[in-house]
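In what follows, a single structure is set out as structure tokens and then discussed.
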């Protein structure tokens with residue numbers, strides 16, 4: 001089976017021949033967060049939750065369906081394969097599970113730093129991005145974390161020490177493998193050469209570890225020196241996420257007038273409405289990050305009427321193109337699903 005993202009999945013023929021494989025495949029709710037699918041098919045159980053159910057049931061543009069298992073499936077004792085754990089899972093049980101929230105605590109109760117996000121209240125995405133670049137420049141001199149390199153070097157040192165101990169046990173054999181009997185002098189020479197090579201490599205690894213340990217100490221001192229800046233950068237990330245959510249929400253509640261003039265109000269069908277919402281959010285995010293640009297031509301059939309002329313900055317061009325594509329898609333969906341009371345007038 002070939003998948004677009006996961007690649008090719010191959011199973012042995014005998015596994016299929018014995019009837020262990022059933023049709024269909026699934027992804028977890030964590031794996032589809034942020035994805036938009038044509039239809040959502042959700043397998044709910046008594047271990048579901050409100051958050052999981054919300055994600056699953058809001059992925060489909062054309063609709064969503066919940067699948068339940070009510071009853072007990074027989075288990076093939078010979079193979080042990082089964083579709084799910086035996087037991088009764090009814091609608092009432094699943095409904096009660098989906099009312100249960102994973103975390104009973106609010107975010108500000110578990111993260112004391114969230115309150116500091118208020119420092120950036122009223123800032124748009126552009127101002128937040130400028131401040132992020134300023135803080136990143138201040139933190140640019142902090143050395144990278146050498147923890148992974150230290151761990152790799154330590155493992156290499158342990159392996160070399162194990163080789164050295166094995167080598168010292170000659171003539172039992174190099175690295176634990178029995179050797180053919182030979183002249184004692186030749187064995188001693190081989191042993192001495194092997195030990196010398198290992199010791200030389202150990203010296204290099206020890207030098208590397210000393211260097212990495214020094215870099216770790218330097219990094220710690222930089223982190224202490226820039227503790228306030230690091231805390232501010234963390235609060236800024238939260239503020240950026242908060243502002244993005246605010247912009248997306250406002251884009252639906254109070255859409256851009258130019259976008260409404262071009263596309264009309266949100267369609268009633270689910271697919272068209274979702275495309276319209278995507279366009280409204282993309283336009284609002286682009287304008288909040290890069291600012292409104294006066295259109296160079298008065299063309300209501302083109303994204304320039306909403307976004308203005310193409311910007312010159314490379315990053316702004318990417319944002320502009322995404323918003324323009326969303327507008328074009330919403331326009332196509334609106335035209336495709338538009339229903340006219342009199343076909344002759346269409």
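No value in this document is a laboratory result; all are computed from the given coordinates. Everything quoted here is computed from the prediction, not taken from an experiment. Neighbour counts run over all protein chains shown; Cβ positions are idealised from the backbone, glycine included.
Could you line up 48, 319 from fewest to most neighbouring Cβ atoms inside 10 Å? Each step should come with its number before you reach the end.
Working: 48 23, 319 18.
Least crowded to most crowded, the residues run 319, 48.
Can you give the relative contact order of the stretch 1-68 as a percent, counting alpha carbon pairs under 8 Å and 6+ residues apart?
Relative contact order, the stretch 1-68: 29 percent.
Among 281, 225, rank each residue by its count of other Cβ atoms within 10 Å, from fewest to most, as a rough exposure measure.
225, 281
For 20, 254, which order do you get if you count the other beta carbons within 10 Å of each Cβ and list the fewest first? If you can, show how the numbers build up before the last one.
Working: 20 13, 254 10.
So the residues, fewest neighbours to most, are 254, 20.
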